[in-house]
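Notes to accompany the following structure.
The values are calculated or read from the model by the stated rules, or taken from the named source; none is laboratory data. The model shown is predicted, which means the values in this text are computed figures rather than measured ones. Because the Cβ atoms are built from the backbone with ideal geometry, glycine has one as well, and the counts that use them run over all protein chains shown.
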Number of protein chains: 2
Amino acid sequence: MNKLILAAALALPAVPASAQPSPSTPQATVGQQAAQLRDAALSDNLAWTLVEELTTEVGPRQAGTEAEGRAREWAVRRLTELGFSNVRIEPFEMPVWVRGQERAEILSPFPQPLVLTALGNSGATPARGIEAEVIGFDSVAALQAASDESVRGKIVFITHGMTPTQDGSGYGQFGAPRRQGPSIASRKGAAGIVIRSIGTDYHRNPHTGVQMWADGARPIPAAALSIPDAEQLQRILARGRPVRMRLVLTPRNTGRHMSGNVVAEVPGTDPEAGIITIGGHLDSWDLGTGAIDNAAGVAITTAAAHRIMQAGRPRRTIRVVLFGAEEVGGGGGETHFRLHRERGNVVLVGESDFGADRIWRVNFNLAPANSALADRITALLAPLGIVRGRDPANAGADLGEWPRAGFAAIDLNQDGTRYFDYHHTPDDTLDKVDPGQLRQNVAAWTALLAVAADAPERIEAIPARRE
Amino acid sequence: MNKLILAAALALPAVPASAQPSPSTPQATVGQQAAQLRDAALSDNLAWTLVEELTTEVGPRQAGTEAEGRAREWAVRRLTELGFSNVRIEPFEMPVWVRGQERAEILSPFPQPLVLTALGNSGATPARGIEAEVIGFDSVAALQAASDESVRGKIVFITHGMTPTQDGSGYGQFGAPRRQGPSIASRKGAAGIVIRSIGTDYHRNPHTGVQMWADGARPIPAAALSIPDAEQLQRILARGRPVRMRLVLTPRNTGRHMSGNVVAEVPGTDPEAGIITIGGHLDSWDLGTGAIDNAAGVAITTAAAHRIMQAGRPRRTIRVVLFGAEEVGGGGGETHFRLHRERGNVVLVGESDFGADRIWRVNFNLAPANSALADRITALLAPLGIVRGRDPANAGADLGEWPRAGFAAIDLNQDGTRYFDYHHTPDDTLDKVDPGQLRQNVAAWTALLAVAADAPERIEAIPARRE
């Protein structure tokens, strides 16, 4: 291990040699090679280059649009140039919703504009907008408890108290206003809904995101206010006077269009040993250039697989999948699972889709028989400052079906403290990626692949989980 | 001095008692009273209340628009309620330019939208926009050096290297692309100009700001890209292929409209002692709610004057002026100077117009005969963590004419490290104001006024400066 490189890249204290597998274990040679690959990856430039190219030369690449098609062309070309095998596209068709105009203003008592953006699948207003009184709620539960009569014809506003967490756990809990709010408001007869963005920043950049209309919920205009605007609306509502808002949202459904996954492989020497599937997603929301969500994941997993390829043929095939349409419902992940679940012999999966900040934790979802494998990976990751967690790995949005169906999975959890400052906003741009932390990600994925792809033991299935 | 309050508010180390005027000086009693007023102001709530009200109940208030009129109504009502005397409006007329649509996109080689906003007095494109090749420069000097032929018909892009400084000095040097770039580009026959925003943040919030067309420069479309967008354009230009841009900017001049200053006074007991004029500006740019620029200055100077008023009548009259139209050329400051220069007996001026962060430095522009006054003020400010600077006070944009014409001035310099992250952007909102630092400002202004308004000595004129 090159302590100087590690210390420079991560500003971590020097690591005791005991964190590595003991030279007396049978895996000693493999462990030393893996450690060398890991440390060499701390000066990786490929991941940065790929993030820079995808965000600069393609930019925003919403699923099902021609921009996502350009992202696939870029990926096929670059993966081929890099020497990957079996580079191909797995196409699928999907319905596409695109943003239109979006404006809002308080008409009374304090006239002023507000900054917002439509949520995925939002209904549209007429071009001139709608005007209605605003009714505010501090939670989805409070909206649910309100009488239909009190909500009918009004614009619902829902706030929440999301704050940053390292593991990103706030997104599940505090995301309810986006995921459930529009359908509940629609069923109660609301004219529209605006939510406090599901985010943790204080910039005038609203956070979009998908929401699906529940059964019986007619699409209504649904948007997210930037957090400063949501707090402004709360202050105005707190004055106790009726608040009227004009809301203009003109998104539209453009019909069914093509999306696709880009797949590439590092062929293994032992077809019986199975395939390791990793990746990120190629599509992004339209507002930013999708640097942290998820050019980073594309680049990290590609760069790590490339390092393994350049070090010689691994025992197991490594399959890199750059998914389409993650943001708008996960059609790419579904398609890939359907195509490969039966016919392939995938033994292990893991996705990188939580930004570009450093990996702080590893979680496993391995059979008990593979506990030694988990121990070897843990030991190899420890010098990167990565702790072992106790949660079962879930493999991310695009590969999550696999562990639910009984395939082993490993998660390398990235630090999410600032992820929801930028997530799904115009602010998701290249400057948010820290090259040093990006390299730590490549090093961790390289270490994981070096051990898992060459592990001499069988990688076992895990119990399938009933949903 | 209440060390606990100070320590809590400012997280400063406890202050040695010697930082205060010695009890043996003739000014001891005045000094003790001023110190008590200063420390009581560290729990001030009025300034926060005023910033909250102006930004919430009026919001954006561009000079010459009806929103600025609502800000004047708010100010007259609140200053009257607070007990100020002679509350009145000094009206003046001004030409008004207002923003229209603003969009830009790279057409080739990498199609994608860019985020920008028009600079003040920008010319307009047709509604469908203009399309032209982009030519990039890394400074105004480089643009100036380019041949007219190379620039003609193109969209000029200028970048710069502004980084944060505590004293805000980068704004002067790095503001040249905004102040000079458009006129130079116009004279060279450019179709339009986009600059890297004059700012120090990395958010997709462009920085607007005024620019004046030089003689012979026909108005052309002129806008600021957000900093992430400017860096994106630089990366795209760096690929070396021709870059075509579509630019849509539809601002317009709406003719002459009314603006005005709101003036209020704390009457002094001694008409011969002269008037101290302080204040901030009421108008803001249209993009944000003008919390740091400059509801804060309005609130800080009003709250400090109010504290002096509540402590009893000072010797000198304190005049609080809330200026109109600072952002678009300073018509309010000019009007006030013209009205009061001859007929009043102003002896000292100072403006608060650099955000809401803590005051770190005091600069004087006093006659040598008033050195003891400067020393007493310096001593009283030291417990607030304020150092004495060596630069002559300039009294800010609205009161700057006064020291140039020979009137004494004092500057309380605020920390500008993050000021240009938000300045003139949609992000200038209430959440950027830190209540603790705002209170330190009120305490410093209260201390300054307590000493200067009651100073027994004459406050002398200073030499007028030839421009």
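Residues in segment B:26-45 that are surrounded by fewer than 20 Cβ atoms within 10 Å (Cβ to Cβ) and in contact with a Ser or Thr (Cβ under 9 Å, 6 or more places away or on another chain) were compared, and the one that is nearest to the other protein chains (Cβ to nearest Cβ) is B:40. Only a single criterion out of (1) crowded, with 18+ Cβ neighbours inside 10 Å; (2) more than 14 Å from chain A (Cβ to nearest Cβ); (3) in a loop (DSSP other than H, G, I, E, B) is not satisfied by residue B:60, namely (2).
Given the structure, is residue A:431 outside any loop (DSSP other than H, G, I, E, B), acidic (Asp, Glu) and within 14 Å of chain B (Cβ to nearest Cβ)?
Details: outside any loop (DSSP other than H, G, I, E, B): yes; acidic (Asp, Glu): yes; within 14 Å of chain B (Cβ to nearest Cβ): yes.
Yes; evaluated as a whole, the condition is true for this residue.
Only a single item in (1) under 20 Å from residue A:136 (Cβ atoms); (2) under 16 Å from the mean Cα position of the chain (by Cα); (3) β-branched (Val, Ile, Thr) is not met by residue A:193, and it is number (2).
Tallying residues that are outside any strand (DSSP E or B), out of contact with any Pro (no Cβ under 7 Å at 6 or more places or on another chain) and either basic (Lys, Arg) or away from chain A (no Cβ under 12 Å) (or both) within segment B:108-129 yields 4.
All of A:446, A:417 fail the test of being hydroxyl-bearing (Ser, Thr, Tyr), farther than 17 Å from residue A:277 by Cα and at pLDDT 95 or above, apart from A:417. The sole residue among B:81, B:105, B:66, B:53 that is exposed (fewer than 14 other Cβ atoms within 10 Å of the Cβ), within 13 Å of chain A (Cβ to nearest Cβ) and of a type in the set (D, E, K, R) is B:66. Screening residue A:50 with (1) over 16 Å from residue A:441 (Cα atoms); (2) in contact with a helix residue (DSSP H, G or I) (Cβ under 8 Å, 6 or more places away or on another chain) gives one miss only, at (1).
Give segment B:394-423 a look and list any residue that's closer than 30 Å to residue B:367 by Cα and either in contact with a Pro (Cβ under 8 Å, 6 or more places away or on another chain) or within 14 Å of chain A (Cβ to nearest Cβ) (or both), or say none. Don't jump to the end; show me each part of the working.
Within segment B:394-423, the first condition is being closer than 30 Å to residue B:367 by Cα, and the residues that meet it are B:394-416.
If the condition is that a residue be closer than 30 Å to residue B:367 by Cα and either in contact with a Pro (Cβ under 8 Å, 6 or more places away or on another chain) or within 14 Å of chain A (Cβ to nearest Cβ) (or both), then B:394, B:395, B:403, B:406, B:409, B:416 are the ones that fit.
Among residues of segment B:256-282 that are in the same structural domain as residue B:329 (by TED's automatic domain parsing) and more than 12 Å from residue B:336 (Cα to Cα), those with a beta-carbon under 6 Å from a residue that is outside any helix (DSSP H, G or I) and hydroxyl-bearing (Ser, Thr, Tyr) at least six positions away or on a different chain give the pairs B:265/B:85; B:265/B:317; B:267/B:85; B:267/B:317; B:268/B:317; B:275/B:317; B:280/B:352.
Among the candidates B:269, B:208, B:200, single out the residue that is in a loop (DSSP other than H, G, I, E, B), under 18 Å from the mean Cα position of the chain (by Cα) and surrounded by fewer than 24 Cβ atoms within 10 Å (Cβ to Cβ). Step by step, each of B:269, B:208, B:200 is checked, and only B:200 is in a loop (DSSP other than H, G, I, E, B), under 18 Å from the mean Cα position of the chain (by Cα) and surrounded by fewer than 24 Cβ atoms within 10 Å (Cβ to Cβ).
All of B:315, B:319 fail the test of being surrounded by fewer than 24 Cβ atoms within 10 Å (Cβ to Cβ) and either assigned by TED's automatic domain parsing to the domain that holds residue B:208 or among the basic types (Lys, Arg) (or both), apart from B:315.
Condition (residue is in the same structural domain as residue B:300 (by TED's automatic domain parsing), at positive phi and either among the aliphatic types (A, V, I, L, M) or not in a loop (DSSP other than H, G, I, E, B) (or both)) applied to segment B:42-52: is it met by at least one residue? If you could, list the steps in order and put the result at the bottom.
Within segment B:42-52, the first condition is being in the same structural domain as residue B:300 (by TED's automatic domain parsing), and the residues that meet it are B:42-52.
Next, only the ones that are at positive phi stay: none.
The answer is no, given that none of the residues of segment B:42-52 is in the same structural domain as residue B:300 (by TED's automatic domain parsing), at positive phi and either among the aliphatic types (A, V, I, L, M) or not in a loop (DSSP other than H, G, I, E, B) (or both).
Summed over segment A:272-297, the residues that are in a loop (DSSP other than H, G, I, E, B) and more than 13 Å from every other protein chain (Cβ to nearest Cβ) give a count of 3.
Taken over segment A:272-302, residues that are of a type in the set (A, V, I, L, M, F, W, C), touching a Lys or Arg at 6+ places or on another chain (Cβ under 7 Å) and crowded, with 24+ Cβ neighbours inside 10 Å amount to 4.
When residue A:426 is tested against (1) away from chain B (no Cβ under 14 Å); (2) outside any helix (DSSP H, G or I), just one condition goes unmet, and that condition is (1). The condition (being of a type outside the set (Asp, Glu), out of contact with any helix residue (DSSP H, G or I) (no Cβ under 7 Å at 6 or more places or on another chain) and free of Cβ contacts under 8 Å to residues at least 40 places away in the same chain) is satisfied by just one residue among A:173, A:166: A:173. Among the residues making up segment A:152-163, those that are more than 24 Å from the chain's Cα centre (by Cα) and either under 21 Å from residue A:352 (Cα atoms) or in contact (Cβ under 8 Å) with a residue 60 or more places away in the chain (or both) are A:155, A:157.
Results for (1) more than 14 Å from chain B (Cβ to nearest Cβ); (2) on the phi < 0 side of the Ramachandran plot; (3) touching a residue at least 12 places away in the same chain (Cβ under 8 Å), shown as yes or no for each residue.
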{"position": "A:203", "(1), (2), (3)": "no, yes, yes"}
{"position": "A:211", "(1), (2), (3)": "yes, yes, yes"}
{"position": "A:222", "(1), (2), (3)": "yes, yes, yes"}
{"position": "A:238", "(1), (2), (3)": "no, yes, no"}
{"position": "A:244", "(1), (2), (3)": "yes, yes, yes"}
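Applying the criterion of being touching a Lys or Arg at 6+ places or on another chain (Cβ under 8 Å) and not in a loop (DSSP other than H, G, I, E, B) to the residues of segment B:158-185, the residue that is nearest to residue B:104 (Cα to Cα) is B:158. Somewhere in segment A:88-100, is a residue in contact (Cβ under 8 Å) with a residue 12 or more places away in the chain, within 14 Å of chain B (Cβ to nearest Cβ) and either over 25 Å from residue A:285 (Cα atoms) or not in a loop (DSSP other than H, G, I, E, B) (or both)? Scanning segment A:88-100 turns up at least one residue that is in contact (Cβ under 8 Å) with a residue 12 or more places away in the chain, within 14 Å of chain B (Cβ to nearest Cβ) and either over 25 Å from residue A:285 (Cα atoms) or not in a loop (DSSP other than H, G, I, E, B) (or both). Answer yes or no: is there a residue in segment A:420-442 that is surrounded by 23 or more Cβ atoms within 10 Å (Cβ to Cβ) and over 30 Å from residue B:233 (Cα atoms). No, that holds for no residue.
Within the group B:192, B:240, B:216, which residue is within 30 Å of residue B:429 (Cβ to Cβ) and assigned by TED's automatic domain parsing to the domain that holds residue B:107?
On the way: B:240 fails: within 30 Å of residue B:429 (Cβ to Cβ); B:216 fails: within 30 Å of residue B:429 (Cβ to Cβ).
One residue alone meets the criteria, B:192.
Contact map, segment B:365-392: first residue on the phi > 0 side of the Ramachandran plot, second residue basic (Lys, Arg) and surrounded by 15 or more Cβ atoms within 10 Å (Cβ to Cβ), Cβ cut-off under 9 Å, separation 6 or more or different chains; pairs are B:385/B:358. Checking A:141, A:71, A:145 one by one, the residue that is within 13 Å of another protein chain (Cβ to nearest Cβ) and modelled with pLDDT of 95 or more is A:71 and no other.
One line per residue, one yes/no per condition, for (1) in contact with an Asp or Glu (Cβ under 6 Å, 6 or more places away or on another chain); (2) among the basic types (Lys, Arg); (3) within 12 Å of another protein chain (Cβ to nearest Cβ):
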{"position": "A:219", "(1), (2), (3)": "no, no, no"}
{"position": "A:226", "(1), (2), (3)": "no, no, yes"}
{"position": "A:241", "(1), (2), (3)": "no, yes, yes"}
{"position": "A:248", "(1), (2), (3)": "no, no, no"}
{"position": "A:253", "(1), (2), (3)": "no, no, no"}
{"position": "A:261", "(1), (2), (3)": "yes, no, no"}
{"position": "A:264", "(1), (2), (3)": "no, no, no"}
{"position": "A:269", "(1), (2), (3)": "no, no, no"}
